[in-house]
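Undergrad: Structure provided below as structure tokens; questions to follow.
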Amino acid sequence: MANRNRNTEPTMLEKIERMDRRIVFLAIAITIILPLIWPLGLPIQVSPQVEDFHDAIESIPDSSVVLFPNDYDPASKAELYPMTEAILHHFFSEDRGLKIIGLGLFPAGPPLLQRAFEEVAEEQYGAEYGVDYVNLGYKEGREIVMASMGESIPKTFPTDFFGTPIDSLPIMEGIKNYRDIAILVNVSAGYPGTKEWVQQVVSVFDVLMVSGTTGVSAPEYYPYYNSGQLAGMLEGLKGAAEYEELIGKQGIATSGMDAQSLGHLVIILFILLGNILYILNRRNKNRNRGGRF
Amino acid sequence: MWETLGIWIQVFLTLAIFSFLYRDNPFYKFAEHLFVGVATGYWVVLQVRNVLLPNLFEPLLRFSDPWLLLPLFLGLVLFMRLSDRYSYLSRWGMAAVVGIFAGLAIFGFGGGDLIIQIRSNILPFIDREAIAAFTENAGLITFLEILSNPIFILGVICVLFYFFFSKEHTGALGIVSKIGIYLLMISFGASYGNTVMARISLFIDRAQFGIVNWIPTVIIGVLMIIAFIVLAITGKVDPKEQF
């Protein structure tokens, strides 16, 4: 009986392997929170796709019109809002007179975009709503909205985010469709987003396009970057931090990078630990089985 | 005052959602139900205010575009599903929706994905520019650049062979398809890595918010912990039980 108990009782290694998952959560939480309080200042390397994103915006003529669809909602705010802010800094910091037309194909996207416009464009650069930028708001219809804007942007969006008729806004004067757009800068969390803009707009109207996406969606969009359909790409919070580094405007993305790196390190350690324990436990079990038979 | 109240509500809801990591509990359920209700209400208001009014009803009331009666009719007949007698009418609206989306999707995939992606996969096996860069500046990165095109081309071929099911995967085909599956696993690993990065970013955002608003975070966090201890003592929850 005592023998049987000893055999069925989990060993120390088995206990560690089956540890309460809440210990893992706690370890990751502590590793992420500590560098947010005491930053380490780990270096940030700018990737080629981020440089290309920056260069594409630099390449358009001054006073051009930029279409800026922000297709995300609060679920992706952590990654994409810092990106939106960094891009707005780039638009307005050089005083190039760019006209920014924002919109969103996610219902909760336009309020976030409006907040970014107010915090960055208005408060920091004195940009004026309706003159330097506009928020066209949300429109249901996904690909249909994209296709319809190819015919007429004012017809697709008769009013802006606040319900104002867009033909009363100076920024919309002379803007009819994609032919009047110099670059499409999409910030995207999934469907409808970058993939659909590429399929419905870039391939049909030959519009220059760059995209900032969540880390989850990025692998899906790399083929578009490799084929040249996207002129540049920002990937998750890391991409936003690299962009902040590039434009020399360290913000919330940069401050989160230490935490991100350490969080990854802890997850790698847990994966390695889990695999080592699995191998050791399997070896022990095989040894015990061999002894028994 | 309203801003402060908003921050306290945000902190409470954030901690209530995170409390699920400890175990399922009434705070989490409350936050979850509240989110579903608020999101539904917001979505309905938005559809009416941003879509139906400016794009349909206002132009119709101004008699500026009588053609809009057609989408109005097709939209209304969708509700005929509620009637046993006239439910067949809803198929007209549904047919229009499916037809338009299918047409746009086929057009988009054909023009935006299929042709351009195939074209971008036609690469020279040996990249002369990469060789020139390596000769000029020999190093690990420039050497890997030379391998880039061969890996890409052979990778595409191997993965395509893995999805070739008309012949048993044995012999040479077996080896090629095996390489294909390993390459697929590498790509799944990269996707998983990106997913981890995205999830950590979400937590970073909330942690930054909690640090900036540390007073409500500490107060509400402590109150929640006390509530969990009380629930555990009274036996209403088993602290060892996970979700």
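Quick note: the coordinates plus some simple rules give every number you see, no bench work behind them. As the structure is a computational prediction, the values presented were derived from the model and not from experiment. Reconstructed Cβ throughout: ideal geometry from the backbone, glycine too, with neighbour counts over all protein chains shown.
Undergrad: Per the Kirkwood formula on distinct C-alpha pairs, the Rh of chain A is how many angstrom?
TA: Radius from the Kirkwood sum: 21.4 Å.
Undergrad: Please work out the Kirkwood hydrodynamic radius for the range B:101-243, using every pair of different C-alpha atoms, and report it in angstroms with one decimal place.
TA: After inverting the pairwise mean of 1/r, the radius is 21.5 Å.
Undergrad: Out of B:G210, B:G235, B:F79, whose Cα points farthest toward the positive end of the dipole of chain B (charges: +1 Lys, Arg; -1 Asp, Glu; placed on Cβ)?
TA: Farthest towards the positive end: B:F79.
Undergrad: Report the calculated FRET efficiency for B:L60 and A:Q124 (r = Cβ-Cβ distance, R0 = 35 Å), to the nearest 0.05.
TA: 0.25
Undergrad: So in the protein assembly as shown, what percent of DSSP beta bridges are antiparallel if you round to the nearest 5?
TA: Here the share of antiparallel DSSP bridges comes out near 5 percent.
Undergrad: In terms of modelled amide H atoms, which long-range or inter-chain residues lie less than 5 Å from the amide H of A:I100?
TA: A:V66, A:Y133, A:V134
Undergrad: How big is the dipole moment of the range B:70-161 about its Cα centre under a simple scheme where the beta carbon of each Lys and Arg is +1, that of each Asp and Glu is -1, and everything else is neutral? Debye, nearest 20, please.
TA: That gives the range B:70-161 a dipole magnitude of about 680 debye.
Undergrad: First measure r as the distance between the Cβ atoms of B:I226 and B:L53, then evaluate 1/(1 + (r/R0)^6) with R0 = 45 Å and state the FRET efficiency to the nearest 0.05.
TA: FRET efficiency, B:I226 to B:L53: 0.40.
Undergrad: Identify the residues of the range A:68-82 with backbone N under 19 Å of a label point that sits 7 angstrom from the Cα of B:V45 along the Cα-to-Cβ direction, or state none.
TA: Answer for the range A:68-82: A:73-75.
Undergrad: Additional query: HN-Hα J couplings of the range B:203-212 from phi, Karplus 6.51/-1.76/1.60, θ = phi - 60°, integer Hz, Gly and Pro as x?
TA: 5, 4, 4, 5, 5, 4, 4, x, 5, 4
Undergrad: What ranking, highest mean first, results for peptides A:85-91, B:32-38 when packing means the other Cβ atoms within 10 Å averaged over each residue?
TA: A:85-91, B:32-38
Undergrad: Residue separation times 0.36 nm, minus the C-alpha to C-alpha distance between B:W8 and B:L140: what's the value?
TA: 42.2 nm
Undergrad: Taking 56 Å as R0, compute the FRET efficiency from the Cβ-Cβ separation of A:D55 and B:S87 and round it to 0.05.
TA: 0.50
Undergrad: Additional query: Looking only at chain A, where both bridge partners belong to it, what percent of the DSSP beta bridges are antiparallel (to the nearest 5)?
TA: 5
Undergrad: While we're looking at this one, here's another question. Express in whole angstrom the spacing between the alpha-carbon centres of the range A:52-77 and the range B:104-161.
TA: Computed from Cα coordinates, the inter-centre distance equals 27 Å.
Undergrad: Anything over 25 Å Cα to Cα? Flag those among A:K77/A:K139; A:K99/A:K238; A:K139/A:K238, in the order listed.
TA: A:K99/A:K238; A:K139/A:K238
Undergrad: Ignoring everything except DSSP H segments at least 4 long, calculate the 222 nm mean residue ellipticity for chain B; use -39,500 (n - 2.57) per segment, divide by total residues, nearest 500.
TA: For chain B, the value works out to -23500 deg cm²/dmol.
Undergrad: Let me ask you something else. Under a straight-distance cross-link criterion of Cα-Cα below 20 Å, which lysines are reachable from B:K178, leaving out those fewer than 8 residues away in the same chain?
TA: B:K167
Undergrad: Right, another one. Placing unit charges on C-beta atoms (Lys and Arg positive, Asp and Glu negative, everything else neutral), compute the dipole magnitude of the range A:90-152 about its Cα centre in debye, rounded to 20.
TA: Charge dipole, the range A:90-152, about its Cα centre: 260 debye, nearest 20.
Undergrad: For A:K155, go through the aspartates and glutamates and keep the ones whose alpha-carbon is under 12 Å away, minus same-chain ones fewer than eight residues off.
TA: Within the straight-line limit of under 12 Å, A:K155 reaches these aspartates and glutamates: A:D167, B:D65.
Undergrad: If you don't mind, another one. Return the inverse of the average 1/r over all pairs of distinct C-alpha atoms in the protein assembly as shown, which is the Kirkwood hydrodynamic radius, in Å to one decimal.
TA: Result for the protein assembly as shown, one decimal place: 27.0 Å.
Undergrad: Further question: In peptide A:254-260, how many Cβ atoms from other protein chains are near each Cβ within 10 Å, on average?
TA: 3
Undergrad: Could you pull out every residue, at least 5 positions away or on a different chain, whose amide H is within less than 5 Å of the one on A:L234? Hs are placed 1.01 Å off N in the peptide plane, and Pro or chain starts have none.
TA: Excluding prolines and chain starts, which carry no amide H, the hits are A:S211, A:G212, A:T213.
Undergrad: Now, a different point. Quick one: Karplus J couplings for the range A:168-174, per residue in order, coefficients 6.51, -1.76, 1.60, θ = phi - 60°, nearest Hz, x for Gly and Pro?
TA: Ordered by residue, 3J(HN,Hα) equals 8, 9, x, 4, 8, 4, x Hz.
Undergrad: Can you tell me what the convex hull of the Cα atoms of the range A:198-250 projects to on average, as an area in nm²?
TA: 3.9
Undergrad: For a paramagnetic label modelled at 7 Å from the Cα of A:F162 toward its Cβ, which residues of the range A:115-149 fall within the zone defined by backbone nitrogen distances under 17 Å?
TA: So the set is A:115-124, A:126-138.
Undergrad: A follow-up question, please. For every helix of n ≥ 4 consecutive DSSP H residues, a contribution of -39,500 (n - 2.57) applies; sum these over chain A, divide by its total residues, and give [θ] at 222 nm rounded to the nearest 500 deg cm²/dmol.
TA: -15500 deg cm²/dmol
Undergrad: Turning to a different aspect of this structure: Compute log10 of I(q)/I(0) for the range B:152-195 with the Debye formula, placing one identical point scatterer on every Cα and leaving out solvent, at q = 0.29 Å⁻¹, to two decimals.
TA: The Cα Debye sum returns log10 ratios of -0.94.
Undergrad: List the relative contact order of the range B:48-114 as a percent without decimals, with contacts defined as Cα pairs under 8 Å and 6+ residues apart.
TA: Across the range B:48-114, relative contact order equals 18 percent.
Undergrad: Return, for the Cα atoms of chain B, the radius of gyration and Dmax in Å, separated by a comma.
TA: 29.0, 78
Undergrad: Given a cut-off of 17 Å, what percent of all Cα-Cα pairs of the range A:218-293 lie beyond it?
TA: Across the range A:218-293, Cα pairs with separations above 17 Å total 67 percent.
Undergrad: Also, I was wondering about something else. How big is the charge dipole of chain A about its Cα centre, in debye rounded to the nearest 20, if each Lys and Arg gets +1 on its Cβ and each Asp and Glu gets -1 on its Cβ?
TA: 2860
Undergrad: Another one. What is the mean number of Cβ atoms from other protein chains located within 10 Å of the Cβ atom of each residue in peptide A:213-220, rounded to a whole number?
TA: 6
Undergrad: Now for a separate question. Between the range B:8-28 and the range A:190-244, how many Å separate their Cα centres?
TA: Cα centroid of the range B:8-28 versus Cα centroid of the range A:190-244: 34 Å apart.
Undergrad: With θ set to phi - 60° and the Karplus curve 6.51 cos²θ - 1.76 cosθ + 1.60, what are the ³J(HN,Hα) couplings of the range B:33-41 in order, to the nearest whole Hz, using x for Gly and Pro?
TA: 5, 4, 4, 4, x, 5, 4, 5, x
Undergrad: Averaging sequence separations of C-alpha pairs under 8 Å and six or more residues apart, then dividing by the length of chain B, give the relative contact order as a whole percent.
TA: In percent, rounded to a whole number, it is 21.
Undergrad: For peptide B:112-120, compute the average count of partner chain beta-carbon atoms within 10 Å of each residue's beta-carbon.
TA: Counting other chains' Cβ atoms within 10 Å and averaging over B:112-120 gives 5.
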